[in-house]
Amino acid sequence: MEKINRKSFQGVGNIVQFNWHFYAVAFFIVLVLSFTKKYLPFYMSFIANTAIVFTIITTFISLLASYYIYDYSDLYTLKWLDFLNIKDNTTIVNINAGFDETSSILQDKFPNTKLIVLDFYDASKHTEISIERARKAYPVFPNTINIRTDSISLQANSVDYIFLIFAAHEIRNEVERILFFKQLRSILKDDGKIIVTEHQRDLPNFIAYTIGFFHFYANKTWKKIFTQSELSIEKEFKINPFVTTFILTKNGITP
(Lines give C-alpha, C1' and ligand atoms only; values in the text may rest on other atoms or scores of the structure.)
Protein backbone atom coordinates (compact mmCIF):
# COMPACT_ATOMS: atom_id res chain seq x y z
CA MET A 1 0.00 0.00 0.00
CA GLU A 2 1.78 3.17 -1.19
CA LYS A 3 2.25 6.08 1.21
CA ILE A 4 3.25 9.66 0.45
CA ASN A 5 6.52 10.77 2.09
CA ARG A 6 6.32 7.89 4.56
CA LYS A 7 8.80 5.16 5.40
CA SER A 8 7.84 1.61 6.31
CA PHE A 9 6.87 1.36 9.98
CA GLN A 10 7.35 5.12 10.40
CA GLY A 11 4.14 5.52 12.38
CA VAL A 12 4.69 2.75 14.91
CA GLY A 13 8.37 3.73 15.06
CA ASN A 14 7.38 7.25 16.06
CA ILE A 15 5.07 5.89 18.74
CA VAL A 16 7.92 3.94 20.33
CA GLN A 17 10.50 6.71 19.87
CA PHE A 18 8.36 9.46 21.37
CA ASN A 19 6.80 7.35 24.14
CA TRP A 20 9.65 5.00 24.98
CA HIS A 21 9.24 5.71 28.72
CA PHE A 22 5.89 3.87 28.70
CA TYR A 23 7.47 0.81 27.11
CA ALA A 24 10.39 1.00 29.51
CA VAL A 25 7.96 0.94 32.44
CA ALA A 26 6.10 -2.02 30.94
CA PHE A 27 9.37 -3.91 30.45
CA PHE A 28 10.44 -3.10 34.03
CA ILE A 29 7.11 -4.36 35.42
CA VAL A 30 7.39 -7.64 33.49
CA LEU A 31 11.03 -8.07 34.55
CA VAL A 32 10.37 -7.43 38.25
CA LEU A 33 7.27 -9.62 38.40
CA SER A 34 8.99 -12.42 36.52
CA PHE A 35 11.85 -12.38 39.01
CA THR A 36 9.81 -12.06 42.21
CA LYS A 37 6.83 -14.31 41.50
CA LYS A 38 8.69 -17.50 42.45
CA TYR A 39 9.10 -16.15 45.98
CA LEU A 40 5.40 -15.33 46.39
CA PRO A 41 2.52 -17.43 47.74
CA PHE A 42 0.48 -19.24 45.08
CA TYR A 43 -2.35 -16.69 44.90
CA MET A 44 0.13 -13.78 44.70
CA SER A 45 2.10 -15.64 42.06
CA PHE A 46 -1.11 -16.11 40.08
CA ILE A 47 -1.80 -12.36 40.27
CA ALA A 48 1.78 -11.65 39.18
CA ASN A 49 1.43 -14.00 36.19
CA THR A 50 -1.85 -12.34 35.25
CA ALA A 51 -0.23 -8.90 35.43
CA ILE A 52 2.67 -10.08 33.26
CA VAL A 53 0.35 -11.52 30.60
CA PHE A 54 -1.89 -8.43 30.70
CA THR A 55 1.08 -6.06 30.29
CA ILE A 56 2.54 -8.03 27.39
CA ILE A 57 -0.79 -8.42 25.57
CA THR A 58 -1.89 -4.79 25.95
CA THR A 59 1.52 -3.53 24.83
CA PHE A 60 1.47 -5.81 21.79
CA ILE A 61 -2.09 -4.79 20.90
CA SER A 62 -1.27 -1.08 21.15
CA LEU A 63 1.72 -1.48 18.84
CA LEU A 64 -0.26 -3.62 16.39
CA ALA A 65 -3.10 -1.08 16.36
CA SER A 66 -0.64 1.77 15.87
CA TYR A 67 0.94 -0.04 12.92
CA TYR A 68 -2.48 -0.59 11.37
CA ILE A 69 -3.58 3.02 11.93
CA TYR A 70 -0.45 4.94 10.97
CA ASP A 71 1.37 2.59 8.59
CA TYR A 72 -1.05 0.17 6.97
CA SER A 73 -4.33 2.07 6.58
CA ASP A 74 -5.00 4.83 4.05
CA LEU A 75 -4.65 7.54 6.72
CA TYR A 76 -1.55 9.21 5.29
CA THR A 77 -2.37 8.66 1.63
CA LEU A 78 -5.15 11.24 2.15
CA LYS A 79 -7.25 9.40 -0.42
CA TRP A 80 -10.18 9.96 1.93
CA LEU A 81 -10.03 13.63 0.93
CA ASP A 82 -10.63 13.01 -2.76
CA PHE A 83 -14.39 13.55 -2.49
CA LEU A 84 -13.75 17.19 -1.51
CA ASN A 85 -12.47 17.92 -5.05
CA ILE A 86 -10.03 20.54 -3.79
CA LYS A 87 -9.27 22.81 -6.74
CA ASP A 88 -6.13 24.68 -7.74
CA ASN A 89 -5.56 28.22 -6.44
CA THR A 90 -7.52 27.62 -3.24
CA THR A 91 -6.09 28.46 0.18
CA ILE A 92 -5.41 25.62 2.60
CA VAL A 93 -4.46 26.11 6.25
CA ASN A 94 -2.93 23.15 8.05
CA ILE A 95 -2.74 23.48 11.84
CA ASN A 96 -0.61 21.34 14.12
CA ALA A 97 0.15 21.17 17.84
CA GLY A 98 3.91 20.96 17.65
CA PHE A 99 4.35 17.85 15.51
CA ASP A 100 3.61 18.13 11.80
CA GLU A 101 3.40 14.93 9.73
CA THR A 102 0.90 16.18 7.17
CA SER A 103 1.96 19.51 5.63
CA SER A 104 4.44 17.93 3.20
CA ILE A 105 1.81 15.35 2.23
CA LEU A 106 -0.81 18.07 1.63
CA GLN A 107 1.71 20.05 -0.41
CA ASP A 108 2.41 17.02 -2.60
CA LYS A 109 -1.25 16.13 -2.99
CA PHE A 110 -2.40 19.69 -3.76
CA PRO A 111 0.68 21.32 -5.33
CA ASN A 112 -1.20 24.20 -6.97
CA THR A 113 -2.87 25.49 -3.83
CA LYS A 114 -1.64 28.06 -1.35
CA LEU A 115 -0.62 26.18 1.80
CA ILE A 116 -0.34 28.05 5.11
CA VAL A 117 0.98 26.07 8.08
CA LEU A 118 0.18 27.15 11.63
CA ASP A 119 1.60 25.71 14.85
CA PHE A 120 -0.11 26.47 18.19
CA TYR A 121 2.42 24.57 20.32
CA ASP A 122 3.03 26.36 23.63
CA ALA A 123 5.69 24.79 25.85
CA SER A 124 4.02 26.20 28.96
CA LYS A 125 0.69 24.49 28.14
CA HIS A 126 1.66 21.46 26.08
CA THR A 127 4.03 19.77 28.49
CA GLU A 128 3.91 16.21 27.13
CA ILE A 129 7.43 14.84 26.74
CA SER A 130 6.35 13.00 23.57
CA ILE A 131 5.74 16.29 21.74
CA GLU A 132 9.12 17.65 22.85
CA ARG A 133 10.83 14.52 21.49
CA ALA A 134 8.87 14.75 18.23
CA ARG A 135 9.89 18.38 17.72
CA LYS A 136 13.53 17.44 18.16
CA ALA A 137 13.29 14.48 15.79
CA TYR A 138 11.47 16.23 12.93
CA PRO A 139 12.29 19.64 11.43
CA VAL A 140 9.60 22.31 11.33
CA PHE A 141 7.86 22.63 7.96
CA PRO A 142 9.27 25.65 6.06
CA ASN A 143 7.56 28.99 6.78
CA THR A 144 5.44 27.57 9.59
CA ILE A 145 3.77 30.37 11.56
CA ASN A 146 3.61 30.10 15.33
CA ILE A 147 0.26 31.18 16.73
CA ARG A 148 -1.64 31.18 20.01
CA THR A 149 -4.92 29.33 20.30
CA ASP A 150 -6.56 32.65 21.21
CA SER A 151 -5.03 34.57 18.33
CA ILE A 152 -5.01 33.48 14.68
CA SER A 153 -3.69 36.38 12.64
CA LEU A 154 -5.33 35.60 9.32
CA GLN A 155 -7.86 37.70 7.48
CA ALA A 156 -11.55 36.96 8.00
CA ASN A 157 -13.27 34.94 5.24
CA SER A 158 -9.96 34.21 3.51
CA VAL A 159 -9.45 30.43 3.79
CA ASP A 160 -11.04 27.65 1.72
CA TYR A 161 -9.97 24.63 3.79
CA ILE A 162 -8.65 24.25 7.32
CA PHE A 163 -7.07 20.96 8.40
CA LEU A 164 -6.67 19.80 11.98
CA ILE A 165 -5.23 16.28 11.90
CA PHE A 166 -4.60 14.91 15.40
CA ALA A 167 -4.12 18.45 16.69
CA ALA A 168 -7.31 19.86 18.21
CA HIS A 169 -7.43 17.42 21.15
CA GLU A 170 -4.20 18.96 22.47
CA ILE A 171 -6.24 22.01 23.50
CA ARG A 172 -7.29 20.56 26.83
CA ASN A 173 -9.37 23.46 28.12
CA GLU A 174 -12.94 23.43 26.78
CA VAL A 175 -13.42 27.21 26.81
CA GLU A 176 -10.12 27.66 24.98
CA ARG A 177 -11.13 25.00 22.46
CA ILE A 178 -14.44 26.71 21.70
CA LEU A 179 -12.72 30.08 21.28
CA PHE A 180 -10.22 28.45 18.94
CA PHE A 181 -12.91 26.95 16.70
CA LYS A 182 -14.78 30.26 16.65
CA GLN A 183 -11.63 31.87 15.28
CA LEU A 184 -11.39 29.16 12.65
CA ARG A 185 -14.96 29.91 11.69
CA SER A 186 -14.07 33.58 11.32
CA ILE A 187 -11.20 33.04 8.88
CA LEU A 188 -13.14 30.44 6.87
CA LYS A 189 -14.89 31.48 3.66
CA ASP A 190 -18.66 31.07 3.59
CA ASP A 191 -18.32 27.99 1.36
CA GLY A 192 -15.18 26.76 3.09
CA LYS A 193 -14.69 23.58 5.13
CA ILE A 194 -12.86 22.57 8.28
CA ILE A 195 -11.50 19.03 8.37
CA VAL A 196 -10.99 17.65 11.88
CA THR A 197 -9.41 14.19 12.19
CA GLU A 198 -9.14 12.61 15.62
CA HIS A 199 -9.15 9.45 17.66
CA GLN A 200 -12.27 9.13 19.80
CA ARG A 201 -12.85 8.01 23.36
CA ASP A 202 -14.66 4.89 22.21
CA LEU A 203 -14.45 1.10 22.41
CA PRO A 204 -11.97 0.51 19.54
CA ASN A 205 -9.53 3.02 21.00
CA PHE A 206 -9.97 1.56 24.48
CA ILE A 207 -9.13 -1.88 23.13
CA ALA A 208 -6.08 -0.42 21.37
CA TYR A 209 -4.78 1.90 24.10
CA THR A 210 -6.61 0.92 27.35
CA ILE A 211 -6.47 3.92 29.72
CA GLY A 212 -4.61 5.91 27.07
CA PHE A 213 -7.96 6.48 25.35
CA PHE A 214 -8.76 9.07 28.05
CA HIS A 215 -6.42 11.43 26.19
CA PHE A 216 -9.03 11.51 23.42
CA TYR A 217 -12.50 13.08 23.51
CA ALA A 218 -15.86 11.38 23.08
CA ASN A 219 -17.93 11.95 19.95
CA LYS A 220 -20.55 13.90 21.90
CA THR A 221 -17.83 16.19 23.27
CA TRP A 222 -16.66 17.09 19.78
CA LYS A 223 -20.23 17.72 18.64
CA LYS A 224 -20.82 20.00 21.63
CA ILE A 225 -17.68 21.98 20.76
CA PHE A 226 -18.73 22.34 17.13
CA THR A 227 -22.26 23.45 18.04
CA GLN A 228 -21.02 26.04 20.52
CA SER A 229 -18.57 27.29 17.89
CA GLU A 230 -21.43 27.81 15.41
CA LEU A 231 -20.22 25.10 13.07
CA SER A 232 -22.26 22.35 11.40
CA ILE A 233 -21.18 18.80 10.63
CA GLU A 234 -21.57 18.29 6.89
CA LYS A 235 -20.09 14.80 6.98
CA GLU A 236 -18.70 12.40 9.59
CA PHE A 237 -16.88 9.21 8.67
CA LYS A 238 -14.31 6.68 9.82
CA ILE A 239 -10.98 6.53 8.00
CA ASN A 240 -10.38 3.30 9.86
CA PRO A 241 -12.03 1.84 12.99
CA PHE A 242 -9.89 4.03 15.26
CA VAL A 243 -9.91 7.41 13.50
CA THR A 244 -12.86 9.71 12.76
CA THR A 245 -13.03 12.74 10.48
CA PHE A 246 -15.56 15.56 10.72
CA ILE A 247 -16.18 17.88 7.77
CA LEU A 248 -17.45 21.18 9.19
CA THR A 249 -19.09 24.19 7.61
CA LYS A 250 -20.38 27.47 8.94
CA ASN A 251 -23.87 27.35 10.44
CA GLY A 252 -26.52 28.53 8.03
CA ILE A 253 -24.39 27.89 4.94
CA THR A 254 -25.82 25.38 2.49
CA PRO A 255 -23.15 22.99 1.14
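Numbers at a glance
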| item | result |
| --- | --- |
| Residues located in the range 88-138, provided they are closer than 14 Å to I171 by Cβ, among the aliphatic types (A, V, I, L, M) and out of contact with any strand residue (DSSP E or B) (no Cβ under 6 Å at 6 or more places or on another chain) | A97, I131 |
| Unique match (being at pLDDT 95 or above and within 23 Å of I239 (Cβ to Cβ)) among I116, I95 | I95 |
| Single residue of the range 213-252 satisfying the filter (loosely packed, with under 15 Cβ neighbours inside 10 Å and at pLDDT below 95) that is farthest from F181 (Cα to Cα) | F214 |
| Hits in the range 167-212 (condition: more than 18 Å from A97 (Cβ to Cβ) and in contact with a Lys or Arg (Cβ under 8 Å, 6 or more places away or on another chain)) | R185, L188, D190, G192 |
| Residue check for T149: open to solvent by less than 20 Å² (accessible area, probe 1.4 Å), at pLDDT below 95 and either over 15 Å from the mean Cα position of the chain (by Cα) or at positive phi (or both) | yes |
| Elements of type helices (runs of 4 or more DSSP H) in the range 1-99, at least 2 residues being surrounded by 15 or more Cβ atoms within 10 Å (Cβ to Cβ) and without any contact (Cβ under 8 Å) to a residue 24 or more places away in the chain | 20-36, 42-67 |
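The values are calculated or read from the model by the stated rules, or taken from the named source; none is laboratory data. Treat the numbers as computed from the prediction; the structure is a model and nothing was measured. Methodologically, a virtual Cβ is constructed for each residue, glycine included, from the backbone with ideal geometry; neighbour enumeration extends over all protein chains shown. Protein only, heavy atoms only, side chains kept; ligands, DNA and RNA dropped before computing areas. Shrake-Rupley method; radii C 1.70, N 1.55, O 1.52, S 1.80 Å.
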